[in-house]
Amino acid sequence: EADIYQTPRYLVIGTGKKITLECSQTMGHDKMYWYQQDPGMELHLIHYSYGVNSTEKGDLSSESTVSRIRTEHFPLTLESARPSHTSQYLCASRDAVTGEQFFGPGTRLTVL
Amino acid sequence: EDQVTQSPEALRLQEGESSSLNCSYTVSGLRGLFWYRQDPGKGPEFLFTLYSAGEEKEKERLKATLTKKESFLHITAPKPEDSATYLCAVQAHSSYKLIFGSGTRLLVRP
């Protein structure tokens, strides 16, 4: 079973608020990812990291930012949330040997 | 351009009615093909990795196979608890990213 955690699981906030979605993994994986997924739709990569102090934008443009100060921690921040940010956010980490990505349970964000 | 296409988009089966899900892919040098199961409101759960044509893997009622152009996920005698969205993804040798298909929504009726 993958040891990757996301908090909060659900978040309802008002427009203009700053939020941080937490993601942590205990597997020692260097590579981590953030995906955005609307209900019934595809996963879209919004950020990834090769390791500490390394972050890159994904395929889908996002107003969020990420940081990677520690291997196990990969938080995502929205400086000013808007209703268009309403979605599910999934964090994943990758096993360098097998290439397998393991996903967290997700954070369902609703911006009113 | 690396691409993954899954079919059908949705599949309804009666309990015990075996079937197959298809994943067609185009990738510049396949490093691995991955199958995931996703339940509503949850993160994808890893099922299988296939690395080369001819490879097969099994887990309970699921069997995944791989050719040079596509992969199949065979479901034998499915049960209602197999209802979920099944996602296929590929990774190229030159990339750290997975390219996901849009998934097949499977509903198994008792």
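How much area per residue is accessible in chain A when the probe is 1.4 Å and only protein heavy atoms are counted (Å²)?
Per residue, chain A has an accessible area of 47 Å².
Just to be sure I understand: of the beta bridges DSSP finds with both ends in the protein assembly as shown, what percent are antiparallel, rounded to 5?
90 percent
Per residue of B:36-48, what is the mean number of Cβ atoms on other protein chains within 10 angstrom of that residue's Cβ?
Mean shielding count: 5.
What's the average, rounded to a whole number, of partner chain beta-carbon atoms within 10 Å of each residue's beta-carbon in A:94-102?
Taking the mean over all residues of the peptide, I get 5.
Given charges of +1 on the Cβ of Lys and Arg and -1 on the Cβ of Asp and Glu, with all other atoms neutral, how large is the dipole of the range B:3-102 about its Cα centre, in debye to the nearest 20? Working shown, then result.
Values: 12 positive and 12 negative charges, 72 e Å.
It comes to approximately 340 debye.
Strictly over 31 Å apart at the Cα level, which of A:31/B:57; A:31/B:79; B:69/B:97; A:57/B:79 would you flag in this model?
With Cα atoms farther than 31 Å apart: A:31/B:79; A:57/B:79.
Sort B:50-56, B:1-7, B:29-35 by the packing proxy (mean of other Cβ within 10 Å over each peptide's residues), most packed first. Walk me through the numbers before you get to the answer.
Working: B:50-56: 13.1, B:1-7: 15.3, B:29-35: 19.7.
With the highest mean Cβ count within 10 Å placed first, the list reads B:29-35, B:1-7, B:50-56.
What ³J(HN,Hα) values, in whole Hz, does the Karplus curve 6.51 cos²θ - 1.76 cosθ + 1.60 give for the range B:97-108 when θ = phi - 60°, with x put for Gly and Pro?
Running phi through 6.51 cos²θ - 1.76 cosθ + 1.60 with θ = phi - 60° gives 9, 9, 9, 9, x, 7, x, 10, 8, 9, 10, 10 Hz.
Please give the peptides A:71-79, A:29-37, B:12-20 ranked by average Cβ packing (other Cβ atoms within 10 Å per residue), highest first, as a rough proxy for protection.
Packing order, densest peptide first, comes out as A:29-37, A:71-79, B:12-20.
Using a ≥ b ≥ c from the Cα gyration tensor of chain B (square roots of the eigenvalues), is it rounded, prolate or oblate, where a/c under 1.5 gives rounded and otherwise the larger of a/b and b/c decides, a/b for prolate? List each step's numbers first, then the result.
Values: a/c = 2.08, a/b = 1.69, b/c = 1.23.
Prolate.
What is the mean number of Cβ atoms from other protein chains located within 10 Å of the Cβ atom of each residue in peptide A:47-59, rounded to a whole number?
Mean shielding by partner chains, rounded to a whole number: 1.
Which values of log₁₀ I(q)/I(0), to two decimal places, follow from the Debye formula for the range A:1-61 at q = 0.27 Å⁻¹ with a uniform point scatterer at every Cα?
Per q value, in the given order, log10 I(q)/I(0) is -1.30.
Can you work out the Karplus-derived ³J(HN,Hα) for every residue in the range B:45-51? Use 6.51 cos²θ - 1.76 cosθ + 1.60 with θ = phi - 60°, whole Hz, and x for glycine or proline.
My calculation for the range B:45-51 gives 10, 5, 10, 9, 10, 10, 10 Hz in order.
Just to confirm my numbers, what's the Cα centroid distance between the range B:64-87 and the range A:54-112 in Å?
Measuring centre to centre over Cα atoms gives 28 Å.
What shape does chain A have by the C-alpha gyration tensor, where a ≥ b ≥ c are the square roots of the eigenvalues, rounded means a/c under 1.5, and otherwise prolate means a/b greater than b/c and oblate the rest?
Values: a/c = 1.77, a/b = 1.61, b/c = 1.10.
Here chain A falls in the prolate category.
The values are calculated or read from the model by the stated rules, or taken from the named source; none is laboratory data. Every value quoted in this text rests on a predicted model; they were computed, and no experiment measured them. No Cβ is skipped: glycine too gets one built from the backbone with ideal geometry, and neighbour counts run over all protein chains shown. With ligands, DNA and RNA removed, areas are computed over all heavy atoms of the protein, side chains included. Shrake-Rupley method; radii C 1.70, N 1.55, O 1.52, S 1.80 Å.
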